[in-house]
Structure formats: C-alpha cells, structure tokens
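Notes follow once the structure below has been shown.
The values are calculated or read from the model by the stated rules, or taken from the named source; none is laboratory data. This is a predicted model, so every value here is computed, not measured. Backbone-built Cβ (ideal geometry, glycine too); neighbour counts: all protein chains shown.
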C-alpha cells in the first residue's frame, strides 16, 4: 500500500510540473452540456390543456368512432360459421357403432339455420406395421346449410405450452434452412435431442430439438359427403395443405437439406413415419412440408389453432359428412385436449368476438364519462383560469422579464 501511495504522489508531482511548464492558456473546461434546444430539453412539444370544452367533445367523438367499429366487427365475426369437435376421448367413449357425441365436446354456429349437426362418432381398431394398436376415430355430422368458401380445417390443442422458453428456442435455424451443419457447430439449444446412438453409431438428429420431436402427427381425412345430391356415390370435399404456412417461412426460413441420409437420423418420435430411418427416397424436404412449418411457428398461448388444410374455391354443401382421424398424438400426458375445427372466415379472421366486445365497452365508457362531465359542467361549472398567463402574453408580466411561465415550470 505504501508503494501505491508513493507512486500516486510522484504521478501528481509530474503532472504539476507538466502543467507549470506548458505555456498555454489556463482555460477551465466546463462539463455543462451545450446550450442547445435538444441538450437543454427546450424542444417544442404539444402540451394540451384539458378543459371541459376540449375533453367532453373528445369523449363523444370516441363514442361515435368506436360504436360503429365495434358493431361491424361483431357482425362480421358473428357470421363466421364453424363446426368444432373435441375428439380427445373418442378412444374411451366411442364404440364400434356410431353413437352421439356428448354436447360438451361439440360446438357449432351457422348464421342462417343454426340447427344441431347431430354429431356422432365411432372407433375403429386395427394393427399397424409395428404390431401396435392403431385407432381411427370416425366422426359424422350434418351441415344444415352450405358453407361458402374459403373453408379452413384446423386442429386445436389446449394446455400445450409452446411458449416455454426452452421449447421456443429448441431448434437450429441453419439446419432447418438447409445447411449441412456439422456436429461441432450445431446449437446447444437442441439438447437433449441433439444426437441418437452411442460411440461410432452416434448420428445427428435432423431436425434437432424439442419442437420437431413433438410434431403433431394426428391425421385428418378429407370430409366425405355421404348423401351427395347429384350422385349416388359419396363425394369427397378436397382440402389442400399447399399454401397454408407463412410465405416467409416457405421462402426463407425452411429449405431443402444438404445432409445425406447416412449423416442424420429422424427425431425419436418420428420412428413410425421413418421406420427404417432416412433414405434417398424419404428424406424430408422441410421447404415443402408446410404442416411442420406451421407446427414450428410456436404459439404464444397454451390454447391455439394450427391450420391443417383449406379450400378457397368450392362450397361445402349441406348434407351428412364423415371425417376419419388417425389417433397418434397423446394429450392426456400433459392434461390437454385436441379438437378438429371446420370453419369459414371473415375480414377480421376467425370467429372471435372479443375484439368487437372491447370496442363496444370502450364506446360505452366514453359515452358515460362524456355525459357525466357534461351534466356536471352544466349544473355546477368550474371557473377556468386565464390560459394567457401560461403563455406569457400579458404585458404586465413581459415587462418584468418573464416571457413564458411554462418554461419556468
């Protein structure tokens, strides 16, 4: 410590010598910021003065704006038609003959003829190539009206937290873009689903991470019209999964991989889709696999919809339809549910009345406040001060040198 004190003292003495030897002006440098409008916070700004003459008309103006806007949103979203069936318990409650689905598992809305579609289901058991039980839930429902295009088929999951911080980042962006990322360059966010195998047999998982491994693999058939009006045979309503993902995902985020089949292996939960691993024939092309792209665009809430198919040209005519669902995805392990949803659309999206209700509530609040302030102002008005004193326009004050009281504040 004494060494440091001696060193500091010697440095101070050297500094004094240098200053004394220099033949320069001893001008003290001020640390005060420059006297500019920006640095001294004198920029012009709009500072409204809230008076009854300005606040009351503003509240009534907001009421006039929000009321028709809320009504139009409610009208548009209310007219969206949909059919929704929660099939989570199909393998438990259904049998080998069609029986009615409990009403708590169904939801429907039709704008012209809102009659019950008479939902029914049955379970079909079989054995897959692995010798495991394969179950198919067949659902029948009757549409009382024609549904105009576009028609969308969604699946809905509840209590599935895709927004978990580890789950959201559990993929490698370069890998899904198509780059053949080596083992030593792959992101650690994919752990623990980064490699499969041990020793020399260890291979990189493609695509790695939790999101791809938990891919929703229930399958939905196209709806089949059982009593077609113009034919004695059943008529299939075609849905496509082309163009159902974000355009930016198809063009930029996902690409065809440069890996060879011997370099990588599928995620563990994909073993039934790729029983023999990857080959030259079945190597997945993520750029065209739009169902996976939708799944990997993680949802922000635990209950969410994912688009599975759409038809933008043909009308879904009235009649009895049947749809088959391959039950592959377990939801009881996380206490969730899964549903199939067939719906139309509006300019504001799907059938969600929340936005319209919020606008109506705001309109009611502004109307009540505006009316209350107006009555109070008429019955017991409050004297308002002279605003000129705030601007320094009075000659009595300008003579004393004070030109703007607002700047003084």
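A few notes on this one:
- Criterion violated by residue 171 - all others in (1) within 19 Å of residue 328 (Cα to Cα); (2) touching a residue at least 40 places away in the same chain (Cβ under 8 Å); (3) part of a loop (DSSP other than H, G, I, E, B) satisfied: (1)
- Check on residue 204, in contact with a strand residue (DSSP E or B) (Cβ under 8 Å, 6 or more places away or on another chain) and either surrounded by 12 or more Cβ atoms within 10 Å (Cβ to Cβ) or on the phi > 0 side of the Ramachandran plot (or both): yes
- Condition check for residue 320: under 30 Å from residue 223 (Cα atoms) and over 28 Å from the mean Cα position of the chain (by Cα): yes
- Any hit, the stretch 22-31, residues being at pLDDT 80 or above and either assigned to a helix (DSSP H, G or I) or surrounded by 10 or more Cβ atoms within 10 Å (Cβ to Cβ) (or both): no
- Once the stretch 40-60 is narrowed to residues that are within 40 Å of the chain's Cα centre (by Cα) and part of a helix (DSSP H, G or I), the residue that is surrounded by the fewest Cβ atoms within 10 Å (Cβ to Cβ) is 54.
- Among the residues of the stretch 346-357, the one identified as buried (at least 20 other Cβ atoms within 10 Å of the Cβ) and in contact with a strand residue (DSSP E or B) (Cβ under 7 Å, 6 or more places away or on another chain) is 351.
- Subset of the stretch 304-333 [farther than 18 Å from residue 141 by Cα and in contact with a helix residue (DSSP H, G or I) (Cβ under 8 Å, 6 or more places away or on another chain)]: 306, 307, 308, 327
- For the stretch 251-260, filtering for residues that are within 17 Å of residue 212 (Cβ to Cβ) and free of Cβ contacts under 8 Å to residues at least 60 places away in the same chain leaves 0.
- Matching residues, the stretch 156-168, being surrounded by fewer than 20 Cβ atoms within 10 Å (Cβ to Cβ) and assigned to a strand (DSSP E or B): 156
- The set of residues from the stretch 179-203 being under 20 Å from residue 166 (Cβ atoms), in contact with a helix residue (DSSP H, G or I) (Cβ under 9 Å, 6 or more places away or on another chain) and not in a loop (DSSP other than H, G, I, E, B) comprises 189, 190, 195, 196.
Yes/no matrix, rows are residues, columns are (1) in contact with a strand residue (DSSP E or B) (Cβ under 6 Å, 6 or more places away or on another chain); (2) outside the structural domain of residue 234 (by TED's automatic domain parsing):
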position: 316; (1), (2): yes, no
position: 324; (1), (2): yes, no
position: 329; (1), (2): no, no
position: 335; (1), (2): no, no
position: 340; (1), (2): yes, no
position: 359; (1), (2): no, yes
position: 363; (1), (2): no, yes
position: 374; (1), (2): no, yes
position: 377; (1), (2): no, yes
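- Of the candidates 87, 108, the single residue that is surrounded by 10 or more Cβ atoms within 10 Å (Cβ to Cβ), modelled with pLDDT of 85 or more, more than 24 Å from residue 356 (Cβ to Cβ) and under 25 Å from the mean Cα position of the chain (by Cα) is 87.
- Considering 211, 242, the condition of being out of contact with any strand residue (DSSP E or B) (no Cβ under 8 Å at 6 or more places or on another chain), assigned by TED's automatic domain parsing to the domain that holds residue 308, within 25 Å of residue 309 (Cβ to Cβ) and not in a helix (DSSP H, G or I) is satisfied by 242 alone.
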